[in-house]
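The values are calculated or read from the model by the stated rules, or taken from the named source; none is laboratory data. Keep in mind the model is a prediction, meaning the values are calculated, not measured. Glycine gets a Cβ as well: all are built from the backbone with ideal geometry, and neighbour counts include every protein chain shown.
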Amino acid sequence: MLASSIVHVVIMGCGRVGSTLAHNLELRSHTVAIIDSNPEAFRRLGPSFTGATVDGVGFDRDVLLAAGIESAGAFAAVSSGDNSNIISARVAREQFGISNVVARIYDPGRAEVYERLGIPTVATVTWAADRVLRRLLPEGEEPLWRDPSGSIRVDEIPAPDSWVGTTIDQLQEQAGARVAYLTRLGAGQIPSPHTVIQAGDLLTTFQLEADSAAVAERLAAGPGEI
């Protein structure tokens, strides 16, 4: 799907997340229909919302049809109920062929199970806890992101002084991490293997969780010293 394509998105749940998501989608010129079993919830959308509102539950076929599911390119289940979100996401995918679905899940254990079943999830509790941990613990102890299996992590690493003047390729080969992108003077860029690391660069890296301690040691040791 091209970034410029206009997509019709059906959202189940008009709470704070659903209403914010609806407005953000409209700001990007997409069309939106939002479902909620409580008509009072639609008041969160305010007068500027131009999409459709549908009373009901997101796993009811008639409700989904009223929301335009047959022409939808995406479906988001973000109500307060884990079971309702998963059932709705499965109905959207399995009965209506919507491949781009996501469900918000509060129970981290369930989130992992449904990810394995092919239903992308946002584990609210895990995400919030990780964000808080990153603020509480010393820099570098908690990653920027960790995949649902816990085997891959993303870190933001200020370029160590000892690596300034070396290339991205040298750092990747010796440290064992992959640099996805770097931020330099406030602007993001995709580096080439020959990009020279400068003072003040912020490196965003991918690495295996099992290798994270070794990667940190190699970065601290500097090039050619390990």
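With the requirement that a residue be among the charged types (D, E, K, R) and either under 19 Å from Leu65 (Cβ atoms) or modelled with pLDDT under 75 (or both), what does the stretch 83-114 give you? It would help to see each step written out before you state the result.
Start the filter on the stretch 83-114 by keeping residues that are among the charged types (D, E, K, R), which leaves 90, 93-94, 104, 107, 110, 112.
Within the stretch 83-114, Arg90, Arg93, Glu94, Glu112 meet the criteria.
Matching residues to (1) touching a Lys or Arg at 6+ places or on another chain (Cβ under 7 Å); (2) farther than 30 Å from Ala123 by Cβ; (3) of a type in the set (A, V, I, L, M); (4) outside any strand (DSSP E or B):
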residue: Val154; (1), (2), (3), (4): no, no, yes, no
residue: Asp169; (1), (2), (3), (4): no, yes, no, yes
residue: Leu182; (1), (2), (3), (4): no, no, yes, no
residue: Gly188; (1), (2), (3), (4): no, no, no, no
residue: His194; (1), (2), (3), (4): no, yes, no, yes
residue: Asp211; (1), (2), (3), (4): no, no, no, yes
residue: Leu219; (1), (2), (3), (4): no, no, yes, yes
residue: Pro223; (1), (2), (3), (4): no, yes, no, yes
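Restricted to the stretch 120-150, and to residues that are modelled with pLDDT of 80 or more and in the same structural domain as Gly18 (by TED's automatic domain parsing), which residue is surrounded by the fewest Cβ atoms within 10 Å (Cβ to Cβ)? Spell out how you get there, then give the answer.
Of the residues in the stretch 120-150, the ones modelled with pLDDT of 80 or more are 120-122, 143-146.
Subset that is in the same structural domain as Gly18 (by TED's automatic domain parsing): 120-122.
Values: Pro120: 14, Thr121: 26, Val122: 17.
Looking at residues that are modelled with pLDDT of 80 or more and in the same structural domain as Gly18 (by TED's automatic domain parsing), I get Pro120.
Spot the failing condition for Glu26; the list is (1) surrounded by 19 or more Cβ atoms within 10 Å (Cβ to Cβ); (2) over 21 Å from Ile105 (Cβ atoms); (3) not small (Gly, Ala, Ser), and only one is missed.
That leaves (1) as the condition not met.
Could you grab me the full set of residues in the stretch 18-37 that are out of contact with any strand residue (DSSP E or B) (no Cβ under 7 Å at 6 or more places or on another chain) and assigned to a helix (DSSP H, G or I)?
Ser19, Thr20, His23, Asn24, Leu27
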